[in-house]
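S.K.: Attaching a single structure in structure tokens format; questions to follow.
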There are 2 protein chains.
Amino acid sequence: MTTTEARPSKLTPRGRATRERIIQAAAELIYEHGVQNTNNERIRLAAGVSGSQLTRHFPTKESLVRAVIAWRADTVIALHKIPQLGHLDTFASLRLWADSYIEREELCRGGCSYGSLAGEALKAAPSLRPDVADGFERWEDLFRAGLTAMRERGDLRPQADPDQLTHLLMAAFQGGMLLNQAADDVAPLRDALDAALAHVESFATHPVPHDDATGGEAP
Amino acid sequence: MTTTEARPSKLTPRGRATRERIIQAAAELIYEHGVQNTNNERIRLAAGVSGSQLTRHFPTKESLVRAVIAWRADTVIALHKIPQLGHLDTFASLRLWADSYIEREELCRGGCSYGSLAGEALKAAPSLRPDVADGFERWEDLFRAGLTAMRERGDLRPQADPDQLTHLLMAAFQGGMLLNQAADDVAPLRDALDAALAHVESFATHPVPHDDATGGEAP
């Protein structure tokens, strides 16, 4: 990839702030309306920048979408690093992660902020595929590390495959968010994540205690 | 919704054939390039129809996308009704269903033909949400019916919840297809479906035999 955009590392603090403001405005518009329905004019107005400022930072739409993909991935990954979730390396913290989406339906209305952008970007610009893949990989690394720690600690049996379980959790999450959005109902995500966590727990070396208020499946 | 498009039921056989040709051409272009990058001119050329023919059948882009959504759902549902898959009401037929995607990577390159369209349509036109939901529901009905039959027959324990297991299978499939597309690798879909099927099998009343050539997970 060669673009002529201003390198973020060479920007002044003020230039970096402007760049960040453009990315955030674009990310919000894209989440609401999709990539194709988000034009320069809308972004410019939302970010409060001039056309020439926009072009200097992002000479092409592709360069802007690329930056939005990385920003969305950074944002979703940061949400997984809050202290409450620990290192996603206990059954309780995985349950808490799932509940943080299931119990906040408003988070699900527009689909996964990263996944819905990923689907559209993959369709619109095949050249963005490596960027989309990078975001998913960095996100999945958090689960892979947590599940690996659980296996090394002996919470999960040696047969547990952190790669496979990570793919299950991420696929159930992404697919569940899409089905939620279509059904306008949180049941698909809740069901998919409950079942995915039950599968992870099937590798537990000791019975996993379930708080009745949040965990477990209805009889 | 009110549209002025020609009612398919009132069309002559020739009119119906033209309508079908437009839908198919649009569906293929949309799968390849996305909804927003598929304009009337491209559809007209691919379908070999005039502008006025296109407009008579589909006065708005939304009416055409609505027809493509229904057509894609019909097409994917028909693929699930081939004799080899039975009624998706045995462990073997569910395994065969999963393998039919896992073993044909070329089917996964552009993502799920229905799911990728669904994601884009939900973003671009909220008014299409009920149409998207209807397609998923009709598709899920096949799994729900198969799993319900398995429970009634005693292949699955009474605790198995066909609704929950259906949501798991569909979410793992949709999410797995998206992750495949991003990674350009079939591992996420394979891992997610293997794990989802293992969870379904955890409700089996008798051990499920695995053909080494297709089923089971690596040790």
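The values are calculated or read from the model by the stated rules, or taken from the named source; none is laboratory data. Since we're looking at a predicted model, the values are computed, not measured. Methodologically, a virtual Cβ is constructed for each residue, glycine included, from the backbone with ideal geometry; neighbour enumeration extends over all protein chains shown.
S.K.: Considering segment A:101-125 alone, what residues qualify as being within 26 Å of B:Gln181 (Cβ to Cβ) and more than 14 Å from every other protein chain (Cβ to nearest Cβ)?
M.R.: Result: A:Leu107, single match.
S.K.: Moving to a separate point now. Give all pairs with beta carbons closer than 6 Å in which a residue from segment B:191-211 that is over 15 Å from B:Thr166 (Cα atoms) meets a residue that is modelled with pLDDT of 95 or more and surrounded by fewer than 23 Cβ atoms within 10 Å (Cβ to Cβ); count only pairs at least 6 apart in sequence or on separate chains.
M.R.: What qualifies is B:Asp191/A:Gln164; B:Thr205/B:Gly154; B:Thr205/B:Arg157; B:Val208/B:Phe91; B:Val208/B:Glu201.
S.K.: Quick check on this structure: which one of B:Glu152, B:Glu201, B:Glu217 is at pLDDT below 95 and surrounded by fewer than 19 Cβ atoms within 10 Å (Cβ to Cβ)?
M.R.: B:Glu217
S.K.: Of everything in segment A:19-42, what is of a type in the set (A, V, I, L, M, F, W, C) and within 22 Å of A:Ser127 (Cα to Cα)? Give them in sequence order.
M.R.: Of the residues in segment A:19-42, the ones of a type in the set (A, V, I, L, M, F, W, C) are A:22-23, A:25-27, A:29-30, A:35.
Those that are of a type in the set (A, V, I, L, M, F, W, C) and within 22 Å of A:Ser127 (Cα to Cα): A:Ile22, A:Ile23, A:Ala26, A:Ala27, A:Leu29, A:Ile30, A:Val35.
S.K.: Select, from A:Gln164, A:Gln159, A:Gln181, the only residue that is surrounded by fewer than 20 Cβ atoms within 10 Å (Cβ to Cβ), out of contact with any Pro (no Cβ under 6 Å at 6 or more places or on another chain), at the interface with chain B (Cβ under 9 Å from one of its Cβ atoms) and not acidic (Asp, Glu). Before you say what the answer is, go through the steps one by one.
M.R.: Working: A:Gln164 fails: surrounded by fewer than 20 Cβ atoms within 10 Å (Cβ to Cβ); A:Gln181 fails: surrounded by fewer than 20 Cβ atoms within 10 Å (Cβ to Cβ).
Only one candidate passes the filter, namely A:Gln159.
S.K.: Take A:Lys81 and decide whether it is crowded, with 17+ Cβ neighbours inside 10 Å, at pLDDT below 95 and of a type in the set (D, E, K, R). Show your work before the answer.
M.R.: Details: crowded, with 17+ Cβ neighbours inside 10 Å: no; at pLDDT below 95: yes; of a type in the set (D, E, K, R): yes.
Criteria not met by A:Lys81.
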